[in-house]
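Worksheet for the structure shown next.
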Amino acid sequence: MPAQIEVFIDKQQWEEVANALVGLEDKLREKALRKGIKAGLKAIEFTAKHYVPVDKGRLKEAIKTSTSKKKWGGIIGNVFVRAGKTKNDPAGAYYAHMVEFGTKNMSAQPYMRPAFELNSPAILQRMVQEIQKTIAKEWPPK
């Protein structure tokens, strides 16, 4: 199982963000949300890359952030390790979970959990700032 962090926002926090988006066109609302979610999670990605132990750098390069729109209309943000083979890395960082959690022969060297714990208090704040910045830049539509 790949090392992955998903962030969920409670209803009250979500309502604060949603109220800032009332009255916006769907396209701008989605863009602002995606950028906001990504900005909030990028700090986790950056910190995880700082904490991850580096041998050849495969694992560090495999830490990514993404957003995706779901069929039910929500937007999901993830910080994850692309553990499988890629065009640029045929070996892949298949061992990501072993580094994070350890094995019977190797002590854990956590990088994702500490990154999340250090950044979680500021995730919503970064999201809201990026959403406000995106709206200010693009509203009203030209």
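Being touching a residue at least 24 places away in the same chain (Cβ under 8 Å) and loosely packed, with under 12 Cβ neighbours inside 10 Å is the filter here, so list the residues in the range 89-124 that pass it.
Result: ALA91, single match.
Restricting to the range 61-74, count the residues that are within 22 Å of GLU117 (Cα to Cα) and in contact with a strand residue (DSSP E or B) (Cβ under 8 Å, 6 or more places away or on another chain).
From the range 61-74, those within 22 Å of GLU117 (Cα to Cα) are 61-67; that's our starting set.
From the residues that got through so far, the ones that are in contact with a strand residue (DSSP E or B) (Cβ under 8 Å, 6 or more places away or on another chain) too are 62-67.
Residues that pass the stated criteria total 6.
What about ARG29, is it free of Cβ contacts under 8 Å to residues at least 12 places away in the same chain, within 24 Å of GLU138 (Cα to Cα) and surrounded by 16 or more Cβ atoms within 10 Å (Cβ to Cβ)?
yes
Quick check on my filter: what residues within the range 94-142 are within 22 Å of LYS49 (Cα to Cα), of a type in the set (S, T, N, Q) and at pLDDT 85 or above?
THR103, SER107, GLN109, ASN119
Determine whether THR134 is buried (at least 19 other Cβ atoms within 10 Å of the Cβ), polar (S, T, N, Q), in contact with a Lys or Arg (Cβ under 7 Å, 6 or more places away or on another chain) and part of a strand (DSSP E or B). Outline the logic, then answer.
Values: buried (at least 19 other Cβ atoms within 10 Å of the Cβ): yes; polar (S, T, N, Q): yes; in contact with a Lys or Arg (Cβ under 7 Å, 6 or more places away or on another chain): yes; part of a strand (DSSP E or B): no.
Spelling it out, it is not the case that THR134 is buried (at least 19 other Cβ atoms within 10 Å of the Cβ), polar (S, T, N, Q), in contact with a Lys or Arg (Cβ under 7 Å, 6 or more places away or on another chain) and part of a strand (DSSP E or B).
The values are calculated or read from the model by the stated rules, or taken from the named source; none is laboratory data. Keep in mind the model is a prediction, meaning the values are calculated, not measured. Backbone-built Cβ (ideal geometry, glycine too); neighbour counts: all protein chains shown.
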